[in-house]
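Scroll down for the structure; my scribbles are underneath it.
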Amino acid sequence: EHEVEKMFTLKPGRLPQADVKNIIFFVRPKLELMDIITDNVLREDRGRAPQRDFHILFVPRRSLLCEQWLKEQGVLGSFIHREQYSLDLIPFDGDLLSMEAESAFKECYLESDQTSLYHAAKGLMTLQALYGTIPQIFGKGECARHVANMMIRMKREFPGSQNSVFPVFDTLLLLDRNVDLLTPLATQLTYEGLIDEIYGIQNTYVKLPPEKFAPKKQGEGGKDLPTEPKKLQLNSAEELYAEIRDKNFNAVGSVLSKKAKIISAAFEERHHAKTVGEIKQFVSQLPHMQAARSSLANHTSIAELIKDITTSEDFFDNLTVEQEFMSGIDTDKVNNYIEDCIAQKHPLIKILRLVCLQSVCNSGLKQKVLDHYKKEILQTYGYEHILTLNNLEKAGLLKSQTSGRNNYPTIRKTLRLWMDDVNEQNPNDISYVYSGYAPLSVRLAQLLARPGWRSIEEVLKMLPGPHFEERQQLPTGLQKKRQHGENRVTLVFFLGGVTYAEIAALRFLSQMEDGGTEYVIATTKLINGTSWIKSLMEKLEPAPF
């Protein structure tokens, strides 16, 4: 609509040929990206006519450091406009918003840099300008307190922003990721969660090994298998995906086979279509049926790929250890499986996830146990990882048990975090997303709705950071009179990241018959255990000797 000729991904080298006057760079304010832009600008052919004009837009805000860097490289003057574009919350689905700030957790907890919290508060202010003031704010954690304070202050500083929009949200719940460090470390067991754990979902897209998606032709054999990974978009616009994404993986197979029967029955209808009218009706449904058929084929292939992994011995052993830790078995001594994995040099992130999980489920490890793990990890994987271990300690994921008391069993029992009789096919509790473990963060949201946090004061005190409640005055005439049977709407904002399994658990609560609350989810970043630990790792180049 705005006559943009072409869109390119930022990469070093010469800019692609295009017959245009203006070139606009849309970037995050990161120094490594400035080097690429410098390269692009310097390689521009100055002799060519007409000359092209450069502009730069920083997302979500301008950075003095980046501009200084461009100046030192001698290219700052080439940019006619240097602006910022404040993109805070990006809609990922009908009930999901993310800021996609991948380093937010690290910045807040390791570097005491609260910039991302300022953007979260700004995003929430924008949301309130569009959807009305949120009357109740609840929160738990240092960062949550910080965001709430900034929101109150922003409201005070712009008194003209009294909006007369009827409020859509009844409650905002701000949750720090470090209130619940356990959930992202465990392996997610929902369909979407497993796709993310195994292949990684980037901005709703997933790249999958192509061999499962090759069209099977008769008599050709496998002579030209595709080599490019298969890229699929995953969101609720796809009917089948919306139905299975939040189910426990063990319940997905039966849905797929039911769907296959329905679809083949629908295609069989064509033999019964006799009259012109019937044929016409069949033809009109064809596009929808073909879309359903290709969607089914894709998800059957994905499910097969995942099943190959979830039925492997290693996956089972890993999950068994996780579940033992979460249910409180042998959390206080060195674990044999972890030792074996280190000895066999399994991927380091897998080891770190397990050790951190054990530490969290034991409110810290005995110094002797912690030192043993550290020694084993450093001797096997290299001493450069001492910085990563240090980061994990700073973030509270790995720590030695100082007070000598393990609070986790009390928290587990009071909040019912471990359920022995979990029903994966027709769940009756959120613990189905981890086949037994109920995500602590979502349990807090559930208990806030009913019976309220007063019932769990003692446990809240054991979790890090303050808990609080703020009320925002609504202009007269905008107070909600709730109709009988009308649901409350709660916005849950995860500061520091949220996993797909937690999202599934909140959607499950929204769909409960007697729940009475619908949830919309916002976060600084969609994460899983691997991407989260990765964001805390220090990349140290080995010395060039």
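Apply 1/(1 + (r/R0)^6) to the Cβ-Cβ distance of THR311 and ASP35, taking R0 = 60 Å, and write down the FRET efficiency to the nearest 0.05. Could you put the intermediate results ahead of the total?
Values: r = 45 Å, r/R0 = 0.75.
Approximately 0.85, to the nearest 0.05.
Using a 1.4 Å probe on the protein heavy atoms, what percent of the accessible area of the chain belongs to carbon and sulfur? The partial results should precede the final answer.
Details: 14910 of 28330 Å².
The value for the chain is 53 percent carbon and sulfur by accessible area.
Accessible area per residue for the range 22-84 in Å², computed with a 1.4 Å probe and the full protein assembly in place, what is it? Spell out each step's value before the answer.
On the way: 3580 Å² over 63 residues.
With the other protein chains kept in place, the range 22-84 gives 57 Å² per residue.
Taking a probe of 1.4 Å, how large is the accessible area per residue of the range 182-316, in Å²?
On the way: 7890 Å² over 135 residues.
Using a 1.4 Å probe on heavy atoms only, each residue of the range 182-316 averages 58 Å².
Which one, [x] 173, 103, 44; [y] 75, 73, 71; [z] 104, 76, 38, gives Cα extents along the principal axes in Å as derived from the coordinates shown?
Correct label, based on the coordinates given: [y].
Rank these by accessible area, largest first, 1.4 Å probe: HIS299, HIS55. Before the final figure, lay out the partial values.
Numbers: HIS299 5, HIS55 25 Å².
Order by accessible area, largest first: HIS55, HIS299.
State the answer as a single residue: which of HIS81, THR38, PRO226 lies farthest towards the positive end of the charge dipole of the chain, with beta carbon charges of +1 for Lys and Arg and -1 for Asp and Glu, about the Cα centre.
HIS81
Using a 7 Å offset from the Cα along the Cα-to-Cβ direction at both ALA343 and GLN202, what is the distance between the two label points in nm, to one decimal?
It is 3.8 nm.
Any chance you could run the full-extension gain for LYS274 through GLN367? It's 0.36 nm times the residue separation minus the Cα-Cα distance, nm to one decimal. All intermediate terms of the calculation are to be shown ahead of the outcome.
On the way: separation 93, 0.36 × 93 = 33.48 nm, distance 7.90 nm.
Contour length minus the Cα-Cα distance gives 25.6 nm.
Which sequence of TRP69, TRP532 reflects their accessible areas, 1.4 Å probe, from the largest down? Provide the component values of the computation, followed by the final result.
Numbers: TRP69 80, TRP532 5 Å².
From most accessible down to least: TRP69, TRP532.
Among 103-116, 333-346, what's the highest-first ranking by average C-beta atoms within 10 angstrom per residue?
For the peptides 103-116, 333-346, the packing ranking is 103-116, 333-346.
So if we plug the beta-carbon distance of ARG153 and GLN473 into 1/(1 + (r/R0)^6) with R0 = 22 Å, what FRET efficiency do we get, rounded to 0.05?
Details: r = 15 Å, r/R0 = 0.70.
Calculated transfer efficiency: 0.90.
Anything over 28 Å Cα to Cα? Flag those among LYS122/LYS350; LYS230/LYS374; LYS366/LYS461, in the order listed.
On the way: LYS122/LYS350 36 Å; LYS230/LYS374 39 Å; LYS366/LYS461 23 Å.
Long pairs (Cα-Cα over 28 Å): LYS122/LYS350; LYS230/LYS374.
Work out from phi, with θ = phi - 60° and the Karplus expression 6.51 cos²θ - 1.76 cosθ + 1.60, the ³J(HN,Hα) of each residue of the range 60-75, listed in order in whole Hz, and give x for Gly and Pro.
Listing the rounded values in order: x, 7, 5, 10, 4, 4, 5, 5, 4, 4, 4, 5, 5, 7, x, 10 Hz.
The values are calculated or read from the model by the stated rules, or taken from the named source; none is laboratory data. Since we're looking at a predicted model, the values are computed, not measured. As a convention, Cβ positions derive from the backbone with ideal geometry for all residues, glycine included, and neighbour counts pool all protein chains shown. Each accessible area value is taken on the protein alone, full model and side chains, heavy atoms only, with ligands, DNA and RNA left out. Shrake-Rupley method; radii C 1.70, N 1.55, O 1.52, S 1.80 Å.
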